[in-house]
Amino acid sequence: MLPAYLPNNCAVLFGKGRPLDLGKSFRDHRRILGDGKTFRGTIFGTLAGIFVGTGQNMIAPKFGLPSFGDGTELISVLVALSFGAMLGDIVASFFKRRMDLERGESLFLVDQLDFVFGSWILLLLLAPSWFHLNFTPMMIITVLIITPILHRLTNIVGYKIKAKKEPW
Ligand code: CTP
Ligand code: MG
């Protein structure tokens, strides 16, 4: 899951500048996505996920760990995990704005798991056999329990080091 976890943290550190929705709103004056989803954050976040995944893949055999595959499968898996995570977060922001929640306002469980579902959905589309091989039902349940806890802890750290405006 690391290539899906890292993009969000990296987006927090590098995300500034032009927002993905170019500052535009719908006719009800609610922003399409909001200022919290930027080009820089999305691009650097995705690249960070692919980078760490490539590193993991190189050391995996030494530790007897499962790999992300090779060739096109490796690319599909890493793109799905990292870009899928960013996409899930973007889609969640779209719905948060429709629910009249301002940028940064919390939406319980959606904030904590949007990127997990984004990466899994893209994995199912791009590398379904890898998904089924590696994400057993037990693994899925474990990720769904552990991720909100990790998400909360990293955001508290992000808040304390002043990288993030809210501790969630
Ligand atoms: N970020 C970014 N681009 C992204 C995702 C995140 O630039 N695609 C950066 C933004 O600076 C954002 C911060 O990371 O403020 C925290 O991300 P997140 O919590 O997802 O955004 P919020 O500001 O809480 O906005 P939203 O309510 O839309 O989730
Ligand atoms: Mg947020």
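So if the hydrodynamic radius of the range 67-150 is defined as the Kirkwood radius over C-alpha pairs, what does Stokes-Einstein give as its diffusion coefficient at 4 °C and 1.567 mPa s, in µm² per second?
Translational D for this selection: 95 µm²/s.
Only sites in a loop by DSSP and with at most 15 other Cβ atoms within 10 Å count here; which trypsin sites (Lys or Arg not before Pro) in the range 116-168 make the cut? Please list the in-between numbers first.
Details: sites: ARG152, LYS160, LYS162, LYS164, LYS165; in loops: LYS162, LYS164, LYS165.
Passing both the DSSP loop test and the Cβ count: LYS162, LYS165.
Using square roots of five times the C-alpha gyration tensor eigenvalues, list the equivalent-ellipsoid semi-axes of the range 1-100 in whole Å, biggest first.
Details: eigenvalues 204, 29, 19 Å².
Value: 32, 12, 10 Å, ordered largest first.
Please compute the contact order of the chain in relative form: average sequence separation of alpha-carbon pairs under 8 Å and at least six residues apart, divided by the residue count, as a percent.
Once divided by the residue count of the chain, the mean separation gives 22 percent.
Applying a 10 Å radius around every beta-carbon, put 130-142, 84-96 in order of their mean neighbour count, most first.
So the order, starting with the most tightly packed, is 84-96, 130-142.
Where nothing but the Cβ of Lys and Arg (+1) and of Asp and Glu (-1) is charged, how large is the charge dipole of the chain around its Cα centre, in debye to the nearest 20?
Using Cβ point charges on Lys, Arg, Asp and Glu, the chain gives about 620 debye.
Could you work out the local net charge near ILE90, counting Lys and Arg as +1, Asp and Glu as -1, over the other residues with Cβ closer than 10 Å to its Cβ?
Details: positive: LYS37; negative: ASP21, ASP89, ASP114.
Local net charge: -2.
Give me the net charge of ILE156's neighbourhood, meaning all other residues with Cβ under 14 Å from the Cβ of ILE156; Lys, Arg count +1, Asp, Glu -1.
Its environment carries a net charge of +3.
Calculate the FRET efficiency for LYS62 and TRP168 from the Cβ-Cβ distance with a Förster distance of 45 Å, rounded to the nearest 0.05.
0.75
Once both axes come from the Cα atoms, what is the angle between helix 110-126 and the longest principal axis of the chain, in degrees from 0 to 90, rounded to 10?
Computed tilt is about 50 degrees.
Taking Cα atoms, how many degrees apart are the long axis of helix 39-59 and the longest axis of the chain, rounded to 10 and kept between 0 and 90?
With rounding to tens, the tilt is 20 degrees.
Distance from the Cα centre of the range 58-100 to that of the range 109-168, in angstrom?
The distance from the Cα centre of the range 58-100 to that of the range 109-168 comes to 10 Å.
Which three extents, in angstrom, do the Cα atoms of the chain have along their principal axes, listed largest first?
Taking the Cα atoms of the chain, the three principal extents are 51, 32, 29 Å.
Within the chain, what is the number of lysine pairs with alpha carbons under 26 Å apart, leaving out pairs fewer than eight places apart on the same chain?
20
Bear in mind these aren't lab numbers, they're just calculated from the coordinates by the rules spelled out. Just so it is clear, the structure is predicted and the values come from calculations on it, not from any experiment. Virtual Cβ from ideal backbone geometry, glycine too; neighbours counted across all protein chains shown.
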